[in-house]
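J.: Take this structure first; my questions come after.
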Amino acid sequence: DDDDDDDNDEEETETAEDSKVESTANMDGACAADTSEAEDENEDSAEKDGESEEVDNLQLAWEMLELAKVIFKRQEAKEIQLCAAQAYLKLGEVGIESENYIQAIEDFNECLNIQQKHLDPHNRLLAETHYQLGLAYSFDDQHDSSLKHFKESFSVIEKRLAMLMERIEKTEEKGKSPAKDNDAVSDDKQEIEELKELLPEIKAKIEDAEESKDGKATKAFQETLVQTGKTDETPASSSSSVSNISHLVRKKVSLFFELARLDLW
């Protein structure tokens, strides 16, 4: 009987220990699940915070640029008007970032109108604005207009290349030149190399726009045939990635440096 009691005690002890182990495992599992859920919630919260911060930054940029635009437009001096154009350009970039393409197109066109009044046809700022318009129209699926402005950007770069090469040629024809002329020639040659690297990039954008335009026309035609029951073919679609090289098209201009320098901020 004593032996039976001992066996029962051992079984009860083992059962209790198993129960403790199982309870501990369950608790560990529950804690792990809670931790996983907490981590997921933290990740979602961090992602939402990041998106919110990005929106806040875009809103702040828009407000500052709107104020800058208003300040600059009040004055008629060429230099100040060109600063207004830069404000419109930056507003257009904010519009693209916000996927508000119609507003971006409007701002870029305002920028272009001002620049065309005050800048030479070979100015790189014109090339940038046409390029940005090409992008905005492309994002908005207006491929005819996109193609037009990419071609205009390409044309401005070609004009600038011709102007720079002519200027270098005239300087070198003079023979021995002052050091400042040599520096100017060196700068022009460096810019020529930069521009030559840009042309293939812009040309690729022109080709993309042409393909998108042709693809859209083909799709519309085929959809018409499908509606009339003349074909069962699935309309072809043409898509191409859109990259932005506008930072290479222009020589960097700091709008806020201009604001501070002109003491208008």
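J.: Quick one: what pairs do we get from the stretch 110-132, first residue charged (D, E, K, R), second at pLDDT 95 or above, C-beta under 6 Å, 6+ apart or different chains?
T.: Hits for this filter: 110/88.
J.: Let me ask another. What do you reckon, is residue 108 out of contact with any strand residue (DSSP E or B) (no Cβ under 6 Å at 6 or more places or on another chain), under 21 Å from residue 144 (Cα atoms) and either at pLDDT below 95 or crowded, with 20+ Cβ neighbours inside 10 Å (or both)? Spell out how you get there, then give the answer.
T.: On the way: out of contact with any strand residue (DSSP E or B) (no Cβ under 6 Å at 6 or more places or on another chain): yes; under 21 Å from residue 144 (Cα atoms): yes; either at pLDDT below 95 or crowded, with 20+ Cβ neighbours inside 10 Å (or both): yes.
Answer is yes for this residue.
J.: Residues of the stretch 156-173 being loosely packed, with under 15 Cβ neighbours inside 10 Å and of a type outside the set (D, E, K, R), which ones?
T.: 162, 165
J.: Select from the stretch 119-144 the residues that are among the polar types (S, T, N, Q), within 24 Å of residue 84 (Cα to Cα) and open to solvent by 20 Å² or more (accessible area, probe 1.4 Å) and list them in ascending order. Walk me through how you get there before you give the answer.
T.: Going through the stretch 119-144, the residues among the polar types (S, T, N, Q) turn out to be 123, 129, 132, 138, 142.
Checking which are within 24 Å of residue 84 (Cα to Cα) leaves us with 123, 129, 132.
The one that is among the polar types (S, T, N, Q), within 24 Å of residue 84 (Cα to Cα) and open to solvent by 20 Å² or more (accessible area, probe 1.4 Å): 123.
J.: Kindly evaluate residue 159 against the criterion of being at pLDDT 95 or above and closer than 15 Å to residue 200 by Cα.
T.: On the way: at pLDDT 95 or above: yes; closer than 15 Å to residue 200 by Cα: no.
In short, no.
J.: Next question, about the same structure. Identify all residues within the stretch 73-91 that are over 22 Å from residue 131 (Cβ atoms) and open to solvent by less than 40 Å² (accessible area, probe 1.4 Å); write none if there are none.
T.: Of all residues in the stretch 73-91, those over 22 Å from residue 131 (Cβ atoms) come to 73-80.
80, the sole residue that qualifies.
J.: Test residue 87 against the criterion of being small (Gly, Ala, Ser), in a helix (DSSP H, G or I), farther than 19 Å from residue 150 by Cα and out of contact with any His (no Cβ under 9 Å at 6 or more places or on another chain), and give yes or no.
T.: Values: small (Gly, Ala, Ser): yes; in a helix (DSSP H, G or I): yes; farther than 19 Å from residue 150 by Cα: yes; out of contact with any His (no Cβ under 9 Å at 6 or more places or on another chain): yes.
Considered against the rule, which asks whether it is small (Gly, Ala, Ser), in a helix (DSSP H, G or I), farther than 19 Å from residue 150 by Cα and out of contact with any His (no Cβ under 9 Å at 6 or more places or on another chain), residue 87 comes out as yes.
J.: A follow-up question, please. What are the residues in the stretch 145-155 that are closer than 17 Å to residue 89 by Cα and open to solvent by less than 40 Å² (accessible area, probe 1.4 Å), if any?
T.: From the stretch 145-155, those closer than 17 Å to residue 89 by Cα are 146, 149-150, 152-153; that's our starting set.
Selection gives 146, 149, 150, 153.
J.: Next up: Within the set of pairs 6+ apart or on separate chains, which have a first residue in the stretch 69-89 that is of a type in the set (A, V, I, L, M), a second that is surrounded by fewer than 20 Cβ atoms within 10 Å (Cβ to Cβ) and at pLDDT 95 or above, and C-beta atoms under 7 Å apart?
T.: As it stands, the answer is 82/118, since those pairs meet every condition given.
The values are calculated or read from the model by the stated rules, or taken from the named source; none is laboratory data. This structure is a prediction, so every number in the text was calculated from the model and none was measured. Counting neighbours? That spans all protein chains shown, and the Cβs are built from the backbone with ideal geometry, glycine included. Remember, those area values only see protein heavy atoms, side chains included, never the ligands or the DNA or RNA. Shrake-Rupley method; radii C 1.70, N 1.55, O 1.52, S 1.80 Å.
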